[in-house]
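Worksheet: one structure, shown below.
Rule-based calculations on the coordinates, nothing more; no lab input. Being a predicted model, the structure only gives us computed values, none of them experimental. Here the Cβ positions follow ideal geometry from the backbone for every residue, glycine too, while neighbour counts run over all protein chains shown.
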């Protein structure tokens, strides 16, 4: 089991930064800290601007200047917003279903030696299969593009959540198991009041990985045949060589992904307030 | 069958290691017994068997005549590491015990009762807090409150004050005695410790376990009256004599083991 439990241990952004005081040298003041946090952004923006203005990139450069991109982004906002809503109608059902089934099945399997013997060999084989390979097959077999895309998002998000839920159930300390037995908790009470909350740190790690996968798979799936959505927006304007809009679409998708991950991190912090 | 906790020829092995061997002990109801022994003598294992958390390897273990085959609300446990669920508030940790012990009581009443247990143990400040917000001593009080809330007639305590500083330890010892002496009928308590003074101060009786394998090497009555007064006991000849006797027994057991090795 232990090899199986060696999971993708991706951290949710902002959860494991080293303490500033641990670094040698003088601790910066509030202005210094504020500058540090935006320094990379300023450097990237400047590099982008310098490259787009001074490099000989032709009349329709693949790298339009920040100003032109910003204008394209502003003009495309209504279309991007509609694309966001379209993408969310794929991402939310797929991710929600993966979360629900991943948690329920992961905790059930993680607390039963028999179910582990039955399911974990299969999970070991099926889990690592890159979900992108399912996309053409899902489009061919399911009646609509939307259903296919939801299915692919579900598959991509399910395995990390399932695996982490199994690991979380395994990581439950013996003293809590003993305590639950002493209290005479029923199996359902044990799952709901002990295993689930104890496994939440692992589950949130799985959800963060699953959400990141969901965005990747969503945009990839939209390249295949969607008539709306963020991935489709980028692909559509790339086909027409409208690079300002294409770059605007990439930046906007990055922002939406960042906001979604930040929202999940916020829910994680609130839910795990008891971790000290 | 006599009431109380009875162990007849109880043994337990972990893989090929014999942890406990031929334990014969009878603890009548209402007695507070200190189970004393060096680290690795099988004290915790014995307690887990009595709690039903592990199955007896050989022999017979009964509580009030019925074989112990698994955990039961009849037998509450206080663990050394508190084992309060950190994701539940302190009140909810106790309420969950009341809900299991008395399922017909409504939730509002259960919460009020849980609050009362905390107040009785001097933990008013813990109401509305989570275990992670409390000190070690406060957490152990809350763990005792939960064990009391279960209403179990047998209380198994596994070095519950082992991780506390001396002041908190003394306070909780006194609190335990106060709660136990005031209750009617008195609970049967098996108190595991490796501290000789603590064992004598609390117990009616000392059961001393030797090591490798764990077995009873002494079963002694504590010749001290109740209620116990810590200061007056400091000068008690009986206490000093008993402490010497226990220490000598443990040293002798260690020497015998070294000789055998």
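Compared with the dominant Cα axis of chain B, that is its longest principal axis, helix B:136-150 is turned about 80°.
Annotation for residue B:184 and residue A:67: the two label points, set 7 Å from Cα along the Cα-Cβ direction, are 9.3 nm apart. Cα axis of helix A:66-110 to longest principal axis of chain A: angle in degrees, 0 to 90, nearest 10? Between the helix axis and the principal axis of chain A, the angle is about 10 degrees.
One decimal place: the segment residue B:235-residue B:16 gains 74.2 nm when fully extended, by the rule 0.36 nm per residue minus the C-alpha distance.
Sorted fewest first by neighbouring Cβ atoms within 10 angstrom, B:187, B:259, A:124 come out as B:259, A:124, B:187. Measuring r between the beta carbons of residue B:170 and residue B:8 and using R0 = 41 Å, the FRET efficiency lands at 0.70. Of the beta bridges in the protein assembly as shown, as assigned by DSSP with both residues counted there, near 50 percent are antiparallel. For the segment B:87-93, counting C-beta atoms of other chains within 10 Å of every residue's C-beta and taking the mean gives 3. With a cut-off of 12 Å on the backbone N, the residues of the range B:194-215 near the modelled label site 7 Å out from residue B:261 along Cα-Cβ are B:211-212.
Extension gain for residue A:85-residue A:273 works out to 64.5 nm (0.36 nm per residue, less the C-alpha to C-alpha distance). Highest mean packing comes first when the peptides B:222-231, A:221-230 are listed by Cβ atoms within 10 Å, giving A:221-230, B:222-231.
In this simple spin-label model, placing a label point 7 Å from the Cα along the Cα-to-Cβ direction at both residue A:255 and residue A:36 gives a separation of 2.8 nm. Tilt of helix B:107-120 relative to the longest C-alpha principal axis of chain B, in degrees (0 to 90, nearest 10)? Its long axis makes an angle of about 60 degrees. Percent antiparallel among DSSP beta bridges with both residues in the range B:136-261, to the nearest 5? Here the antiparallel bridges make up roughly 55 percent for the range B:136-261.
Within 10 Å of the Cβ of each residue in A:170-181, the mean number of Cβ atoms contributed by other protein chains is 4. Relative to one another, the C-alpha centroids of the range B:151-192 and the range A:182-237 are positioned 47 Å apart. When B:249, B:16 are arranged by Cβ crowding within 10 Å, least crowded first, meaning fewest neighbours, the order is B:16, B:249.
Take every DSSP beta bridge whose two residues both sit in chain B; close to 50 percent of them are antiparallel. Taking a ≥ b ≥ c as the square roots of the eigenvalues of the Cα gyration tensor, chain A is oblate, since a/c reaches 1.5 or more and a/b is not larger than b/c. Relative to one another, the C-alpha centroids of the range B:73-97 and the range B:20-37 are positioned 24 Å apart. Given R0 = 51 Å, the distance between the Cβ atoms of residue A:44 and residue B:135 translates into a calculated FRET efficiency of 0.60. Taking every residue in B:72-85 and counting other chain Cβ atoms within 10 Å of its Cβ, the average works out to 3.
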